[in-house]
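Working notes for the structure below.
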Amino acid sequence: MSRKVDSVKDINDSKETWRLAVRIMDVWSVVNNKGIEHLKMIVMDSLDDRIQVLIRHDHLLKWKEVIKENMTCIINNDSVYNNDFQWKVCDHSKKIVFFGGTTMKAIELQNIPPKGYFFKDFGEILQGKCKTDRLEDIIGAVSEINHIQSNTPGKKVVVSVVLKDLKGNCINCNLWEIYGSKFLAYYNDPKNNGAIVILLTHAMVKDGQVSNAWSGSKLLINEDIPEIQDFMSKLPTNEQKEKPTQSAKSLSNWFGGSQYSPVERFVHNAKCMSLSQFCKIKHETLCVTVATTLKFAVSKYGWFYYCCTRCSSKAPNPEKAYECSCGQKVEQPISRYKIEIYVSNGESKYRFVFWDSECAAILGMTAEFMHNSMVENGEDDPMVYPDELEMLLNKKMAFRVKVQPTFSQASVWKLCDDEAFVKEIENDYIVEDNQSKTEYAKLVPNKENLETSAQTLSASGENDPESIILMTPAKDVVIADKGEEVDFEVSGATQLSGTKPSKKLKIEPSS
C-alpha cells in the first residue's frame, strides 16, 4: 500500500514524512557573503497552493543537477520550519527543507497547472496594499526611461524606467546591475523596435515602486511567452509601434531644489580656460574648457581594460581569478572603457582620456556588452575599435577635466554636449587670453539643497559638489564625476597624485 499524496496547504511541522506531488515553479541559487551557495525553490500542487523550499549547501551537490524548473515530481520526506525568509514569494507560513532522508522522483503529472506567474496589480502597489516582506511578479510596458547610471567606482549599474499596466497605472521600476545591463543591451539593439514589455519575477516592492531582488529575480523582455504576447496584443495599436524614449526631466529634478545653475555647478572650483592654454599648465589642474572630439589616439592598450567587478582597479591578469585590493574576490574581470581621444578647438589640440561612465552614457551600452558582442562576431582583438565608438567623435562638448602635464593629457571628470549649456560656458566663462573671465568658479553650496538633490537620483549616493551628476536635456546623458582617475599605462592600479613621480608618456604626433 503506497502513501497518499498530501496537500501543500496542509503542511505543518507535526511530521517529516510528507509526500508531495508538485511542479517546480522556480529555482534559483543564492550565494551568501561568505561565498557559500544554497538553492531555493517554489513548488506548487494541483490546487495551486505554493510553498518555498530550501536546499542547504551540504546537500547541494546531490540536487543541483537533478532539479529543473517546470518539472513535475514526487517529493518524500522533508523538514518543516516557519517561513522566516527575509523575502517571501508566497503566503504559506511554513517552508520545507531537504535533509538526508529526502527523495525526489521526476514523474509526469498532468493535473498540475503549467508554470505561470502571479502578477501584482499596479493599483494595489500605488495604494500601498503590499506586504513589506513579499516579492511579487510584475508585468508592464515601458513608457519612459527616467535614468541610466553606468558602472563606475562606488556605484552600480541601474536603469530606472516607468512601467504602465493595461489600466493606465504607472509605477517606477529600478533595474540594478545585470538586470539593468540586460535592459540596455536590448534597448540599444537597433533590431529591436516598438513597444517594450518586461516581466520581472520576485520584484521587491517599496513606496509605490519596484526593483529586482539581488538573487532570484528573472527579467524577461518581449519574449515569446503567452503572458508577454497577450499583454502586448492588448496595448493600443499606436503604442505597440512606439519605442520608449529617455526622459529629460531628471535635469530639472536635479537642479530644482538648488539656488545654483547647472553651469555654476559644472565650473565650481575649476579654472576656466581655452584649450590653447593647456600647454602652459605646469602642475595638475582642474579645468573647464570647450572642445570638439576629433579622432582616437590609439594606444597599445586598445579601447578598454579588464578590471575588478567592484572597483575600477586594473586586473593583473584578465584570464585568472584574483582578490582585488578592495577586498572583492573576482572570478572573471569585466571590461571598462578607457579611450584616448584627441580634442580640438581652433588650431589647438590635446589628448583627453575618456573613462567608463562618460563613454557608456554617450554610447548607451557597457564596454562589457560591446566587447562580448565583438567576440560573438569572431573579433577578439582589443586593438580593433568597433564602429559604435565613432559616436564619441565630432561632438562639441563642455569638459571638466584634470589636466596632467606630466603625461601631456587630461582626464575627463564630467562632460556635457547640450548645445545651450556648452554655449553658455564658452561665452560667459572662457576667453583666449591668460586670464579666464572666471579664474576659479567658487560656490559655497547649501548643504540641505545638495542633500535633497542627491536623493532625486537615488542611485548616485553622492552629494559632494565635486560629485554632481548632470544630464543633457535632449538625450538624458549621464555626466559622472571621476575623482582621481587611474592611469593604468603608467602606474598600474594606483592613483595619480602630484607627489608620485612617473615616467612621461610618449605621445604620437598629430596627423
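The values are calculated or read from the model by the stated rules, or taken from the named source; none is laboratory data. Remember, predicted model here, so these are calculated numbers, not experimental data. Note that we place each Cβ from the backbone using ideal geometry, even for glycine, and neighbour counts take in every protein chain shown. All accessible areas refer to the heavy atoms of the entire protein, side chains included, with ligands and DNA or RNA removed. Shrake-Rupley method; radii C 1.70, N 1.55, O 1.52, S 1.80 Å.
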Check your understanding: What share of all Cα pairs of the range 1-60, in percent, falls into each consecutive 10 Å distance bin?
Key -> 20, 42, 29, 8, 1
Study note, to complete from the structure: Semi-axes in Å, largest first, for the range 26-147 (Cα gyration tensor, √(5λ)) are 28, 19, 15
Check your understanding: Got a sec to turn the phi values of the range 96-104 into Karplus ³J(HN,Hα) couplings, 6.51 cos²θ - 1.76 cosθ + 1.60 with θ = phi - 60°, whole Hz, x for Gly and Pro?
Key -> 10, 10, 5, 9, x, x, 6, 10, 9
Review point. Say a paramagnetic label sat at a point 7 Å from the Cα of V66, along Cα to Cβ; which residues of the range 17-38 have their backbone N under 17 Å from it?
Key: 17-25, 27-28, 38
Point to revise | Probe 1.4 Å, accessible area per residue of the range 1-151, Å² | key: 51
Point to revise | Shape of the range 84-143, Cα gyration tensor, a/c cut at 1.5 | key: oblate
Check your understanding: If the limit is 28 Å between Cα atoms, which of K88/K156; K40/K329; K182/K402; K243/K395 go over it?
Key -> K182/K402
Check your understanding: Under a point spin-label approximation (7 Å from Cα along Cα-to-Cβ), what is the I225-K94 distance to one decimal in nm?
Key -> 2.9
Practice item. Putting +1 on Lys and Arg Cβ atoms and -1 on Asp and Glu Cβ atoms, find which of G194, I125, W176 reaches farthest to the positive end of the dipole of the range 83-219. Key: W176
Practice item. Could you pull out which residues in the range 128-149 have an amide N less than 19 Å from a spot 7 Å beyond the Cα of T245, following the Cα-Cβ vector? Key: 141-148
**Study point:** Tail weight of P(r) past 15 Å, computed on alpha-carbon pairs of the range 105-186, percent
**Key:** 68
